[in-house]
Ligand SMILES: *Cc1c(COP(=O)(O)O)cnc(C)c1O
């Protein structure tokens, strides 16, 4: 076998000299964890999405945990969400001792079906946790309306959605602009911008923000940055059980460089996604992702549905043999062993569309450094692999 063949990866972060310089600057400054760089990253991120508060944490899973805790999710409560998402969405609910209630995705979409949410709400529902799956905005307007009507807070799992936009009234607004109660972002390398690992909590509620800042640092009443800068001796207190969910200053410095790259990254991803659409338009049976008129994706992933006659694993193998790496569609949490126990979750609707999406969808390579020629070759290879016999 040829061990040296080059394979087009599914994703690739943009990390260059500027990020390396930023990390070096922080390392040599002598202050490496949650400090001035984290504070600056938070200010810049808040400005970018148009929110009064942004609180950086270690990753999006810990962000989701703190968000759920902030709105009062406790042991035995229920949180309405999707099964068709990365496992961390529901794990964060279980980290609160609460029960995820899974509803199906909408027809022609990988996002939650708002019509199914109201039916899944009970007296025990403490939050709705919606996901902007693969960077495609979910129908936040409809979901926020349901939350308000039922007196249930709405949290956005925006792990993949930095740079995505939604039409709100008559203006395009970035995902993260506070319409729901809290939005949570990820900076894992598989997302559109990265800090290695990292997360961000966005809210317009100062009380929530105060709690995030307390809990992420062991619920320490006076932070180490404040003590360090104080001319008088200060003793801290620990009024409740906290967590160590800090982001480091090395990560934040990298994140600030990445924020500067975001507009070009999103523009490039949109151009490549448009080209995929053009190239795949004439391929029988392939469904390209549907972008509603009120949504603009950042195309964190470009996920297509295969024709019924195609076998997912065979198509993926055929692409890999041609030097093209792909991934299966988004997972379904209710199918995983960690959720086999019937106590672990509740099914709030049928999950047929979620299961079909996992079994028929594949994610194609999409990253800023790939060329137009790569897209054309991938689309052509795919077309030949799914051609009806
Ligand atoms: C990536 C992802 C997460 C987890 O983010 P981490 O930063 O890795 O903890 C959560 N939800 C969704 C939908 C994701 O895609």
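Throughout, read-outs are computed from the coordinates displayed, never taken from laboratory work. Note that the structure is predicted; figures quoted are calculated from it, not measured. Glycine gets a Cβ as well: all are built from the backbone with ideal geometry, and neighbour counts include every protein chain shown.
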In nm, spacing of pseudo-spin labels at residue 142 and residue 291 (7 Å Cα→C-beta vector): 2.0 nm
With Cα atoms, 0 to 90° folded angle of helix 372-386 axis to the chain main axis: 60 degrees
MRE, 222 nm, helices only [DSSP H, n ≥ 4, -39500 (n - 2.57), over the chain, to nearest 500]: -11500 deg cm²/dmol
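Listed highest first by mean packing, meaning other Cβ atoms within 10 Å per residue, what order do 366-373, 213-220 come in?
Highest mean packing first, the order is 213-220, 366-373.
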Linear extension gain, residue 16 paired with residue 32, 0.36 nm per residue minus alpha-carbon span: 3.7 nm
GNM result for the chain, Cα springs below 10 Å: residue of 149, 256, 268 fluctuating most strongly: 149
Length gained when the stretch residue 74-residue 226 is fully extended (0.36 nm per residue, less Cα-Cα span): 51.6 nm
Cα gyration tensor shape of segment 1-95, rounded if a/c is under 1.5, else prolate or oblate by comparing a/b with b/c: oblate
Cα-only Debye scattering, segment 59-214: base-10 log of I(q)/I(0) at q = 0.15, 0.16 Å⁻¹: -0.71, -0.82
Acute angle (nearest 10 degrees) that the helix 36-49 long axis makes with the longest principal axis of the chain, alpha-carbon atoms: 50 degrees
With eigenvalues of the C-alpha gyration tensor scaled by 5 and rooted, segment 17-386, Å: 35, 26, 18
Degrees between helix 249-280 axis and first principal axis of the chain (Cα, 0 to 90, nearest 10): 20 degrees
Overall form of segment 243-310 per C-alpha gyration tensor (a/c, 1.5; a/b vs b/c): prolate
Cα gyration tensor shape for segment 252-352, rounded if a/c is under 1.5, else prolate or oblate: oblate
Cα centroid separation, segment 78-102 to segment 190-221 (Å): 19 Å
Modelled label reach - residue 190, point 7 Å along Cα→Cβ, segment 364-389 residues with backbone N closer than 16 Å: 364-367
